[in-house]
Number of protein chains: 2
Amino acid sequence: MLSLVSQLKHIASIRAFNFRQSSIIMAAKKRALALMAPGTEEMELVITVDVLRRCEVDVTVALVQEGETGSDDLVARCSRAVNVKADTTLASYVQQLGELPDVVILPGGLEGARLMARAAPVGELLRRQNQENKLVAAICAAPTVLAAHDRLFAGRRLTSYPSFREQLTEAGYVWEDPAPDSPNGRVVRDGNLITSLGPATSFDFGLTIGAALVGQEVADKVAKGMLYK
Amino acid sequence: MLSLVSQLKHIASIRAFNFRQSSIIMAAKKRALALMAPGTEEMELVITVDVLRRCEVDVTVALVQEGETGSDDLVARCSRAVNVKADTTLASYVQQLGELPDVVILPGGLEGARLMARAAPVGELLRRQNQENKLVAAICAAPTVLAAHDRLFAGRRLTSYPSFREQLTEAGYVWEDPAPDSPNGRVVRDGNLITSLGPATSFDFGLTIGAALVGQEVADKVAKGMLYK
């Protein structure tokens, strides 16, 4: 039979072990912020968020609003009239923000991207994200949002929906057409900037962000579970 | 200068032409009903709806509710916590229904499919749809919804998320693993029943339904616009 002292030591060691365990789990939980707005491409948003949540990334979907006011119910009508309800507004998110998220994600959709291009808080967040060398990920029309905010990341290699190639090249980016057989699929990564082409490359986009945050092994397992590749 | 009579004839002929034109347009607009419930796989829902709206199909997203009451705001929390707002409830849709839709779509997601399996109005609608030889389309976990409603379509060839293979075979279906190089991608079609595997085959699923409703040419154009294939 254990003495009281050794029992207490035993309990303390279990607690310390549990504490270390949960610290490891807490440290491992990466944080993503996915922006959305009226006119966002719903497939690009939903696939990316879903894939990252399958990768055990803590994803917040934040609604970018025009001006100070906006829809009270957090619902935005996306590009093909699917109504998606955000978890919060970008304004609330930024107000309560301690550390920056591990990645900021910009889905495409022409009208959604135009709104994000006009929204000063989006530019401010992207600038801070880049200053701390944290990931920014943009797909389809969304790389034009970077260009609109003082040509953030200019000089970098990126891709986008092909119709924005000329506009982005003129704005000072090195536009690339990613090969389907590249390790991450149809995605371009240059340092902390991850970009992709459009709706059908959203799985590649989400899995590349997932691999960057939680490792290739986890991303591969998630891809298999979704019957991808 | 035209006489009054010939002017009136001219106007009448323009009107008749416009009427014929709009009749043609109205006749061409196919109608789809996509069901959703709490726990529906959001990618499978959103990709299918988005792809079909790109094909100019008139899609209604209807929320299946437990019992008579439910969420007033039409919002359901999907399988990976993306909140999607439906266009209507299934109860309202059925109440106002004249002609049956051209296709009823069942997305997967285990909890969503379980709820649809328990919902008598879903079974009733699927039965009517089959009686009139109209399309039913199910993906991932959703083919189990057919089995739950008196083994509707039993004896047919179908596919599903692979983990349901045994259950569906025992229920009397002829389970198939669709080849990636089949004309419609990873989809099985047997008469008015279209089935597919899971999240990553949602584009194939949506495009196959689109091709069935509005033709392969339109579906191919939509696929190209999304940078698919």
Next on the checklist: Restricting to region B:170-202, and then to whatever is among the β-branched types (Val, Ile, Thr) and surrounded by 17 or more Cβ atoms within 10 Å (Cβ to Cβ), can you tell me which residue is farthest from the other protein chains (Cβ to nearest Cβ)?
Outcome noted: B:194
Checklist entry - Would it be correct to say that residue A:151 is surrounded by fewer than 18 Cβ atoms within 10 Å (Cβ to Cβ) and out of contact with any Gly (no Cβ under 6 Å at 6 or more places or on another chain)? => result no
Item to check | Per-region count, region B:59-115, residues within 14 Å of chain A (Cβ to nearest Cβ) and assigned to a helix (DSSP H, G or I) | outcome: 2
Checklist entry - Quick check, is residue B:165 over 20 Å from the mean Cα position of the chain (by Cα) and within 14 Å of another protein chain (Cβ to nearest Cβ)? => result yes
Checklist entry - Just one of the numbered conditions (1) within 27 Å of residue A:51 (Cα to Cα); (2) in a helix (DSSP H, G or I) is not true of residue B:124; which one? => result (1)
Checklist entry - When residues of region B:209-227 are filtered for being away from chain A (no Cβ under 14 Å), assigned to a helix (DSSP H, G or I) and out of contact with any strand residue (DSSP E or B) (no Cβ under 8 Å at 6 or more places or on another chain), how many remain? => result 5
Next on the checklist: Looking for something loosely packed, with under 14 Cβ neighbours inside 10 Å and over 13 Å from residue A:36 (Cβ atoms) - is there at least one such residue anywhere in region A:103-118?
Outcome noted: no
Checklist entry - Do any residues in region A:149-176 that are without any contact (Cβ under 8 Å) to a residue 12 or more places away in the chain have Cβ atoms under 9 Å from those of residues that are assigned to a loop (DSSP other than H, G, I, E, B), where the two are at least six apart or on different chains, and which pairs are they? => result A:163/A:141; A:165/A:159; A:165/A:177
Next on the checklist: One residue is enough: does region B:165-181 have a residue meeting the conditions at pLDDT below 95, among the aliphatic types (A, V, I, L, M) and either in contact with an Asp or Glu (Cβ under 7 Å, 6 or more places away or on another chain) or over 24 Å from residue B:79 (Cα atoms) (or both)?
Outcome noted: yes
Checklist outcome for this item: Across (1) surrounded by fewer than 20 Cβ atoms within 10 Å (Cβ to Cβ); (2) part of a helix (DSSP H, G or I), residue A:205 clears everything bar (1)
Next on the checklist: Any residue at all in region A:9-32 that's touching a helix residue (DSSP H, G or I) at 6+ places or on another chain (Cβ under 8 Å), within 14 Å of chain B (Cβ to nearest Cβ) and modelled with pLDDT of 95 or more?
Outcome noted: yes
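The values are calculated or read from the model by the stated rules, or taken from the named source; none is laboratory data. Quantities reported herein were computed from a predicted structural model and do not represent experimental measurements. Ideal geometry is used to build each Cβ from the backbone, glycine not excepted, and the neighbour counts take in all protein chains shown.
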